[in-house]
Amino acid sequence: MLQAVALNRVISDLGYKAVDIAYDPSFGRATHEGARLSFVSKAIRKIANNVRGTFPVSSTDKSQLFNSFVSRFLTLTDDLESKEALSLFSNCFDAYVCGSDQIWSPRCFDSSYYLDFVGDSQRMVAYAPSFGCDSLEPFSSGDQIASLLRRFNSIGVRETSAVDIVEKCTGRKPLVVLDPTLLLDGKEWERFATQISENEPYCLIYLLGSDNCNLKCAQEIARANGLRPVLVPVFKRDQKLDYCARFPIGPAEFLSLVSHANLVCTDSFHGMVFSTIFQKDFIAFERFDPNSSDSQNTRVYSFLEMAGAEDALLPRHELGEWEKHFGGSLDYSYINPRIEAKRSESIGYLRSALARATADRAGDH
């Protein structure tokens, strides 16, 4: 949600009327590679998740917070009830931007996110999509993805690992650009936040992975540093913990929690991003086993390298030695200029790409 708002805001600031297409990929979802489970397998997984408490947290209150955020900060089309309905938008905008996050992941391939419904490929712009992998070779959708990529004239990707993928598929080297959320600074994001009152110093814990070792280590780090742990609930089991937040958390509340934290422990890419935006000390956990072929840690490594915050990474095999990774505050006098320079370059890319896409098209629809 915050990526959509950021990209919408920047495109609007560049002088365009930005509209988000309300496409729900759960309608007619394409094949999810690596998750082709039989009915029995799905049932077994559902039971196992229930026993472990690893079902995602959902509530009416949380949904209302997201809906309210959308109504305040985004302009949407009517909801689309099928993938085919996207064809209605094939020629009604001057430019089309796809991005960001893992919309190009071959693990959950959906050609819509490659703008296959757009009639004029000259109008297509890719801003910071991620593949979430280092190579397309293991995936059956690789050839189709390569063909779709060749339609684009303007491609800016989010991770350095994506450069090789795009160059191999198209023969052209794309620019690495910032995640959309990093196009706005902390002061700008504060305007989107809902203030939450926390009366004592706290460590915010935001873990998207279900690894108990990361959770236990984060709790230990918080208390060793004299901070009250505050956990953003991701799984239902989290709600049983005494340090879990007891109020619904939407985008605005999430921003406030990060901006007021004394320390953030997270395995979330955007947990790290917003910690950096608000200039917080943070510890970056590995969400995935780095030795697994399913690991998506590459986006985390890429971000930390770009920001010059590699010292924030706490590898899985060193969880028991976390003290040596927590020797002091991150140096934002070094990190901020790196991000500011990349922000200027990324907005420049978006400005130029949109100008090319909309050239000589004013008033033609």
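The values are calculated or read from the model by the stated rules, or taken from the named source; none is laboratory data. Every value quoted in this text rests on a predicted model; they were computed, and no experiment measured them. In this analysis, Cβ positions are derived from the backbone assuming ideal geometry, glycine residues included, and neighbour counts consider all displayed protein chains. Heavy atoms of the whole protein, side chains included, go into the accessibility calculation; ligands, DNA and RNA do not. Shrake-Rupley method; radii C 1.70, N 1.55, O 1.52, S 1.80 Å.
Being in contact with a strand residue (DSSP E or B) (Cβ under 8 Å, 6 or more places away or on another chain) and open to solvent by 10 Å² or more (accessible area, probe 1.4 Å) is the filter; apply it to region 261-281 and report the residue that is farthest from residue 185 (Cα to Cα). So, considering only residues that are in contact with a strand residue (DSSP E or B) (Cβ under 8 Å, 6 or more places away or on another chain) and open to solvent by 10 Å² or more (accessible area, probe 1.4 Å), the one farthest from residue 185 (Cα to Cα) is 262.
Within region 194-218, the set of residues being at pLDDT 95 or above and either in contact with a His (Cβ under 7 Å, 6 or more places away or on another chain) or small (Gly, Ala, Ser) (or both) comprises just one member, 218.
Per-residue answers, yes or no, for (1) over 27 Å from residue 14 (Cβ atoms); (2) open to solvent by 50 Å² or more (accessible area, probe 1.4 Å); (3) small (Gly, Ala, Ser); (4) touching a residue at least 12 places away in the same chain (Cβ under 8 Å):
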position	(1), (2), (3), (4)
133	yes, no, no, yes
136	yes, no, no, yes
146	yes, no, yes, yes
149	no, no, no, yes
154	no, no, yes, yes
229	yes, no, no, yes
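Restricting region 326-354 to residues that are surrounded by fewer than 16 Cβ atoms within 10 Å (Cβ to Cβ) and not in a helix (DSSP H, G or I), the residue that is modelled with the lowest pLDDT is 327. Restricting region 173-222 to residues that are surrounded by fewer than 20 Cβ atoms within 10 Å (Cβ to Cβ) and of a type in the set (S, T, N, Q), the residue that is farthest from residue 146 (Cα to Cα) is 199.
Any residue in region 349-359 that is under 30 Å from residue 228 (Cβ atoms) and of a type in the set (A, V, I, L, M, F, W, C)? Checked against the condition, which is being under 30 Å from residue 228 (Cβ atoms) and of a type in the set (A, V, I, L, M, F, W, C), region 349-359 yields no hits at all. When region 146-164 is filtered for residues that are β-branched (Val, Ile, Thr) and under 18 Å from residue 125 (Cβ atoms), the ones remaining, listed by number, are 155, 157, 163.
Filtering region 80-108 to residues that are assigned to a loop (DSSP other than H, G, I, E, B), within 22 Å of the chain's Cα centre (by Cα) and on the phi < 0 side of the Ramachandran plot leaves 100, 102, 103, 104, 105. Run down 329, 295, 275, 333 and say which single residue is closer than 29 Å to residue 108 by Cα, out of contact with any helix residue (DSSP H, G or I) (no Cβ under 7 Å at 6 or more places or on another chain) and not β-branched (Val, Ile, Thr). The match here is 295.
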